[in-house]
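K.L.:
Just passing along the structure, written as structure tokens.
Bear in mind that the values in this text are calculations on the coordinates, not laboratory data. The shown structure was predicted, so the numbers you read here are calculated from the model rather than taken from an experiment. No Cβ is skipped: glycine too gets one built from the backbone with ideal geometry, and neighbour counts run over all protein chains shown.
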């Protein structure tokens, strides 16, 4: 019976030690960071990356695009089409549209260890079927820290609808502010 009690207490002590070592923070764990950062260092760093991306598209620079996009990159465009890094590069190099121009502006950055999420606005100008098109929207770019830099692994763009037709509101001729069909004249 004494042997059983000793074995049980030794097992209990090992479980307690292993549980405490798993929950204790280690020196190699990444430091906790702010959930959303609008601080100048992160915004400036990711704005520079977005500027490099825009410049690579605007100048049709394959090497510049490869320095920004991860080999694992997936893009979901504003129209819902999905493409990879290689497809993006092929489209960039084979594109006949010389008017293609992209401007991106970072609004917020969330740092999550070796992952960063950048949100912002963009203006994309290109030649459409009916003439020049200016697409305005918002983006979400997910970056992964690789060596000393950042590579984009995912991009999502959404067009912001603009109201081009202003609706003329019909002036009410009612004496009362609300018209209730059964109770008003």
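K.L.:
Starting from 0 in steps of 5 Å, tell me what percent of the Cα-Cα pairs of the stretch 40-159 lands in each bin.
P.N.:
2, 11, 21, 27, 22, 10, 4, 1, 0, 0
K.L.:
Something else: May I ask you to sort 89, 67 by Cβ crowding, counting other Cβ atoms within 10 Å and putting the fewest first?
P.N.:
67, 89
K.L.:
Another question about this same structure. So what is the relative contact order for the stretch 40-159, in percent, with contacts set as C-alpha pairs under 8 Å and at least six apart?
P.N.:
Dividing the mean separation by the residue count of the stretch 40-159 yields 25 percent.
K.L.:
With a point put 7 Å past each Cα toward its Cβ, work out how far residue 59 is from residue 123 in nm, to one decimal.
P.N.:
Spacing of the two 7 Å Cα→Cβ label points: 2.1 nm.
K.L.:
So how do 135, 50, 66 line up by other beta-carbon neighbours within 10 Å, fewest first?
P.N.:
Ranking 135, 50, 66 by Cβ neighbours within 10 Å, fewest first, gives 66, 135, 50.
K.L.:
Still on this model: Relative to the present Cα-Cα distance, how much length would full extension add between residue 81 and residue 44 at 0.36 nm per residue of separation?
P.N.:
Taking residue 81 through residue 44 to full extension adds about 10.3 nm, to one decimal.
K.L.:
Still on this model: Using a 10 Å cut-off around each Cβ, can you sort 69, 112 from fewest to most neighbouring Cβ atoms?
P.N.:
Least to most surrounded, the residues fall as 112, 69.
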